[in-house]
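What follows is one structure encoded as structure tokens, with my remarks underneath.
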Amino acid sequence: MRPAIRPATADDLPAVAALDEVCFGAEAWSTVSWAAEFDRLSEDRLLLVADEGDIVGYVVLLVPPVELDVVELLRIAVAPAGRRTGIGGQLMTAALAGCAGRTVLLEVAAGNESARGLYRAFGFAEISRRRGYYAGGEDAVIMRWREER
Ligand SMILES: CC(C)(COP(=O)(O)OP(=O)(O)OC[C@H]1O[C@@H](n2cnc3c(N)ncnc32)[C@H](O)[C@@H]1OP(=O)(O)O)[C@@H](O)C(=O)NCCC(=O)NCCS
């Protein structure tokens, strides 16, 4: 069964925060940070969840209302048991569906092969790096996507 991809609602906050904890451990966003993301859903956040009864994935984008401003993909994750089954791809497809004609940027740890593989598969290209950006000295890779209307 493919999960349904749908916009998050306030009720999803505990499940999304819990899944974030599973996926990112010490790097997880706090419940307060997640609450701030959910508070901005009607402003400039696009938060989609993959729902198969339980929430098995999510993606968060900063989508400024001004068309010329860059969109930022802030976070994407899939529950460990569901990885490599296409859920990340479903989330990316849905997230990028409304981004034609806009520039989308993201930042990813150089050693995060799964995420970089996913982004490359969706046409993101590496445009720059922040050397030694992460704790431990790992580079941040900046990737860009743009598809004309
Ligand atoms: C990155 C992540 C979201 C990918 O989700 P996923 O559901 O496993 O991705 P999909 O199954 O849809 O894969 C789509 C494509 O991405 C690429 N990809 C996914 N996992 C990969 C891996 N481990 N190595 C290389 N490429 C990979 C492949 O091109 C894949 O297509 P294919 O399976 O036909 O080869 C998932 O690995 C994850 O949650 N990682 C932990 C959280 C994280 O690091 N998020 C990114 C930073 S915010």
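Here are the numbers:
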item	result
Flag for Pro80 being more than 8 Å from the ligand (Cβ to nearest atom), surrounded by fewer than 17 Cβ atoms within 10 Å (Cβ to Cβ) and either within 28 Å of Pro3 (Cα to Cα) or of a type in the set (Ser, Thr, Tyr) (or both)	no
Residues located in the stretch 88-111, provided they are more than 20 Å from Gly57 (Cα to Cα), among the small types (Gly, Ala, Ser) and either within 12 Å of the chain's Cα centre (by Cα) or surrounded by fewer than 16 Cβ atoms within 10 Å (Cβ to Cβ) (or both)	Ala100, Gly101, Gly111
For Glu138: the one exception among (1) in contact with a helix residue (DSSP H, G or I) (Cβ under 9 Å, 6 or more places away or on another chain); (2) away from the ligand (no atom under 12 Å from the Cβ)	(1)
Condition check for Thr85: over 23 Å from Asp11 (Cβ atoms), over 12 Å from the mean Cα position of the chain (by Cα) and within 8 Å of the ligand (Cβ to nearest atom)	yes
Condition met for Gly117 (among the small types (Gly, Ala, Ser) and either more than 9 Å from the ligand (Cβ to nearest atom) or without any contact (Cβ under 8 Å) to a residue 12 or more places away in the chain (or both))	yes
Single condition Ala135 does not satisfy, out of (1) part of a loop (DSSP other than H, G, I, E, B); (2) aliphatic (A, V, I, L, M); (3) modelled with pLDDT of 95 or more	(3)
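The values are calculated or read from the model by the stated rules, or taken from the named source; none is laboratory data. Just so it is clear, the structure is predicted and the values come from calculations on it, not from any experiment. Glycine gets a Cβ as well: all are built from the backbone with ideal geometry, and neighbour counts include every protein chain shown.
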